[in-house]
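See structure below.
The values are calculated or read from the model by the stated rules, or taken from the named source; none is laboratory data. This one's a predicted model, so the numbers in the text were calculated from it and none came from an experiment. A quick note on method: Cβ atoms are made from the backbone with ideal geometry, for glycine too, and the neighbour counts reach across all protein chains shown. Remember, those area values only see protein heavy atoms, side chains included, never the ligands or the DNA or RNA. Shrake-Rupley method; radii C 1.70, N 1.55, O 1.52, S 1.80 Å.
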Amino acid sequence: MSKSQQPTQLSKFLSEGIQASVMKALQSIQLRYQHAIKSWLNGRSVQSFVSLFLTSIFLSIAVASCSGSSSASKNDVKLKLVSFSVTKAAHDQIIPKFVEKWKQEHNQNVTFEQSYGGSGAQTAAVINGSQEADIVHLALPLDVNKIQQAGLIKSGWETKAPRSGIVSRSVAAIVTREGNPKGIQNWADLAKDGVKVIAANPKTSGIAIWEFLAFWGSVTLTGGDEATALDYVTKVYKNTPILTKDAREASNLFFQKGQGDVLINYENEVILAGKNGTKLPYIVPQVNISIDNPVAVVDKNVDKHSTREVAQAFVDFLYSTEAQQEFAKLQYRPVNPTVSQEVASQYPPIKTLFTSQDLGGWDIIQNKFFGNGAIFDKVQAASKA
């Protein structure tokens, strides 16, 4: 007999065997001690007493049966985590810690199916159902909003977790070749003639959207108008011969295949590459954008899979000191205030750090820059002309 079958068979035995025996015994008690019971009850109905006694017995049996079931090991739970490409190293460290913690506290095994790729592509896969994510950890809130608009995530997702749903942060960095032969010092230098830029595609990649917003904001948030910003961004994309599908592919193209003069990527990704032996000079521009990465439970899928409790617990765990320290080890800028203070000295200070809200918020950003026929499409067409 398997452990999973025992509570069911025990319950059946109790209901069919013990309950019948108890009934017989009580009927015998009623006949034998009827006079004494009547006297004790002071005129109350023996049947009433027996009924109450039976009820208490059956309740005890039910409680015992439930206790037996709860002490048994719960069924294993499988969670599907869909995330953007560069978070894999962090989740590889965080997930085992959560699994161990949940096992100790709930006597339940949790396994994770994980998928990593460009944030835009991952978002599309969740929406079309090819990735039935229980949890998404994506490169930007715009992608979670798209999943919400598709009816998979309830509105107000950003209020269901700390820090408005933002679980990891970074900023944009500019990597150059050894000795910086092109003399790149800031965003403006990317528009120089003869500079070959490696960047990702905003249609598939989260870092690419952040890159574009960093380019645009470096002009409009330092006194330039939108016409100047459009001219600058068009020149930068003319210097970008290839748009990769995600941040990791851009890094591989630049570091491993030696293509391009300049790479735009997450600060954490650039530092991680250096720690892994691929070290090149980089600049963190003093005018920069806060790259905010959100996490959310995919409501429709957790309800379908009956995994809401564990999925929400994992999301909550990502904000813990323990998990945030793992993000910090991989050079993300943590959102947990305690960990942020611990590691603040590791990061270069930024003079002007702007956010998506400074550019109008995600609804305006999507319509203005990345919708069909919007500014990015026009920039790309002009850069190919």
### Query
Do you know which of the residues in the range 119-141 that are over 18 Å from ASP92 (Cα atoms) and assigned to a loop (DSSP other than H, G, I, E, B) is modelled with the lowest pLDDT?
LEU140
### Query
In the range 250-270, which residue that is within 23 Å of ARG169 (Cβ to Cβ) and either surrounded by fewer than 20 Cβ atoms within 10 Å (Cβ to Cβ) or in contact with a Phe, Trp or Tyr (Cβ under 7 Å, 6 or more places away or on another chain) (or both) is modelled with the lowest pLDDT?
VAL270
### Unique match (being touching a strand residue (DSSP E or B) at 6+ places or on another chain (Cβ under 6 Å), in a helix (DSSP H, G or I) and within 27 Å of VAL335 (Cα to Cα)) among VAL175, VAL144
VAL144
## Note on the structure
Checked the range 122-137 for anything in contact (Cβ under 8 Å) with a residue 40 or more places away in the chain and surrounded by 19 or more Cβ atoms within 10 Å (Cβ to Cβ); matches are GLN122, VAL126, GLN131, ALA133, ASP134, ILE135, VAL136, HIS137
### Message
Checking the condition assigned to a helix (DSSP H, G or I), small (Gly, Ala, Ser) and modelled with pLDDT of 90 or more, which residue from ALA273, ALA229 passes?
### Response
ALA229
### Task
Specify which of the listed residues (ASP92, ASP134) is charged (D, E, K, R), in contact with a Lys or Arg (Cβ under 8 Å, 6 or more places away or on another chain) and over 26 Å from PRO349 (Cβ atoms).
ASP134
### Query
Among the residues of the range 315-331, is any touching a Phe, Trp or Tyr at 6+ places or on another chain (Cβ under 7 Å), in a helix (DSSP H, G or I) and either buried (at least 16 other Cβ atoms within 10 Å of the Cβ) or of a type outside the set (Val, Ile, Thr) (or both)?
yes
### Message
Consider the range 349-362. How many of its residues are in contact (Cβ under 8 Å) with a residue 40 or more places away in the chain and surrounded by fewer than 13 Cβ atoms within 10 Å (Cβ to Cβ)?
### Response
1
### Message
Being open to solvent by less than 10 Å² (accessible area, probe 1.4 Å) and touching a residue at least 40 places away in the same chain (Cβ under 8 Å): is that true of ALA229 here?
### Response
no
#### Entry: The one condition in (1) assigned to a helix (DSSP H, G or I); (2) at pLDDT 95 or above; (3) basic (Lys, Arg) that ARG163 fails to fulfil
(2)
